[in-house]
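The values are calculated or read from the model by the stated rules, or taken from the named source; none is laboratory data. None of the values given here were measured: they were computed from a predicted structure. Positions of Cβ are backbone-derived with ideal geometry, glycine not excepted, and every protein chain shown enters the neighbour counts.
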Amino acid sequence: MAIILSEPAAAEIKRHIETQQLDGNTHLRMGVAGGGCSGLQYSLGFDGEFDPAIDARYEQHGVSVVTRKKIALHLDGTTIDYLDGPMGKGFAIDNPNVPRGGGCAGCGHH
């Protein structure tokens, strides 16, 4: 498996690349930080760098998504989508590797 990029997300990413006049070697870089009670925090940004020794790359719908190999296993099967609806516009990330229900039991809060 890999990181899955929906067609609407790819179209929005391409639009941003064009609007910002980024070159053809631009990748969408996905990062992960945090954990614990507030859950994982994802980051998405544009990057012109790709090092095959430390990065994993996924190509979908004409967009290159890269992430560090050390976190790629935690993102396996993750979907990046773009939603445009009554509640607003934005990217949505669904990671099937994160336990449902959120939070942790360590602090006693549920």
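Of all residues in the range 53-66, those that are under 15 Å from ARG15 (Cα atoms) have Cβ atoms under 6 Å from Cβ atoms of residues that are of a type in the set (Lys, Arg) and surrounded by 12 or more Cβ atoms within 10 Å (Cβ to Cβ), 6 or more apart or on another chain, in SER64/ARG57. The set of residues from the range 9-24 being assigned to a helix (DSSP H, G or I) and either out of contact with any strand residue (DSSP E or B) (no Cβ under 6 Å at 6 or more places or on another chain) or among the charged types (D, E, K, R) (or both) comprises ALA11, GLU12, LYS14, ARG15, HIS16, ILE17, GLU18, THR19. For the range 1-42, residues that are exposed (fewer than 10 other Cβ atoms within 10 Å of the Cβ) and over 17 Å from LEU73 (Cβ atoms) total 6. So, in the range 58-74, how many residues would count as being in a strand (DSSP E or B), at pLDDT 95 or above and over 12 Å from the mean Cα position of the chain (by Cα)? Total meeting the criteria: 1. Would you confirm, using the coordinates I've provided, whether TYR42 is touching a residue at least 24 places away in the same chain (Cβ under 8 Å), under 14 Å from the mean Cα position of the chain (by Cα) and farther than 17 Å from ARG15 by Cα? Answer is yes for this residue. Checking each residue in the range 58-70 for being at negative phi and loosely packed, with under 15 Cβ neighbours inside 10 Å picks out GLU59, LYS69, LYS70.
For the range 12-38, what are the residues that are small (Gly, Ala, Ser) and either more than 24 Å from ASP84 (Cα to Cα) or without any contact (Cβ under 8 Å) to a residue 24 or more places away in the chain (or both)? The answer is GLY24, ALA33, GLY34, GLY35, GLY36, SER38.
Taking the numbered list (1) in contact with a strand residue (DSSP E or B) (Cβ under 6 Å, 6 or more places away or on another chain); (2) touching a residue at least 60 places away in the same chain (Cβ under 8 Å); (3) in a loop (DSSP other than H, G, I, E, B) in turn, GLY77 passes all entries but (1).
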